[in-house]
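Down below is the structure, laid out as structure tokens.
Just so you know, all these numbers are worked out from the coordinates, no wet-lab data involved. These numbers were taken from a predicted model, which means no experiment stands behind them. Cβ coordinates were reconstructed from backbone atoms using ideal geometry, including for glycine residues, and neighbour counts include every protein chain displayed.
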Amino acid sequence: MLWGYFIKLVIADRCAVLVDTVYLSYQNYEGVQLILANVLFAIQIYCDFMGYSTIAKGAACVLGIDLVDNFKQPYFAVSIKDFWRRWHMSLSSWFRDYVYIPLGGGRCSKCKKYRNLFLTFLVSGLWHGASLTFVVWGMIHGIYRWGSSLLYME
């Protein structure tokens, strides 16, 4: 649990200070500063989720419950499909089991498979928040995932 608190409070929260400063007045910053803010945001969001997951896993361990790992180096993924196999794996598997598969999963025509992928990511965007930002986020990831399916001829 201490490692999770360190990741969250020291790394993620420190990154957030810099990211928020730049994002709140991005027009006052240029090239390298904006790129650095985006890189730090990627680190921030990963460390937030990883920290929370590590704290939860440690708390569960104290209670004698063994939870699965939730992240497997997602930023080293080689494709968007690989990324989603490594990122927030417990939530991803929940969406697979309770949204994607009930829609028909991949056991249907290619068109329906891509629709199911897209709808699953759209629902995951809504799960993150009922605002246009999260709906668009879900749509973008659905399109990326759909596009990677076409690219790699799954």
Excluding residues on the same chain fewer than 8 positions from Lys57, give the lysines whose Cα lies under 17 Å from its Cα. Lys8, Lys72
Which Cα, out of Ile7, Gly129, Tyr114, lies furthest along the positive dipole direction of the chain (beta carbon charges, K/R +1, D/E -1)? Tyr114
For segment 39-147, what does the relative contact order come out to in percent, with C-alpha contacts under 8 Å and a separation of six or more? 15
Considering only C-alpha atoms, what is the centroid distance from segment 8-71 to segment 84-149, in Å? 23
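Taking the Cα centre of the chain as the origin, how large is its charge dipole in debye, to the nearest 20, when only Lys and Arg (+1) and Asp and Glu (-1) carry charge on their Cβ atoms?
In total the dipole reaches around 700 debye.
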Tell me, in nm to one decimal, what length is gained between Asp66 and Leu132 on full extension, where the rule is 0.36 nm per residue of separation less the Cα-Cα distance? 20.1 nm
Grab the Cα-Cα distance for Leu24 and Leu2, subtract it from 0.36 nm times how many residues apart they are, and report the gain in nm with one decimal. 4.8 nm
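So what is the 222 nm mean residue ellipticity for the chain from helices alone, if each DSSP H run of at least 4 adds -39500 (n - 2.57) and you divide by all residues, rounding to the nearest 500 deg cm²/dmol?
-21500 deg cm²/dmol
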For the chain, take the alpha-carbon Rg, divide it by the Kirkwood Rh, and send me Rg/Rh. 1.02
Hey, could you grab the Kirkwood Rh for segment 97-139? Inverse mean 1/r over distinct alpha carbon pairs, Å, one decimal. 10.4
Local charge sum around Met1 (other residues, Cβ-Cβ under 11 Å, Lys/Arg +1, Asp/Glu -1)? +2
Residue-span extension gain [Ser109 to Phe76] - 0.36 nm each, minus C-alpha spacing: 8.8 nm
Considering every pair of different Cα atoms, what Kirkwood radius, in Å, is found for segment 16-67? 12.7
Net charge near Gly58 (other residues with Cβ under 14 Å of its Cβ; Lys, Arg +1; Asp, Glu -1) is 0
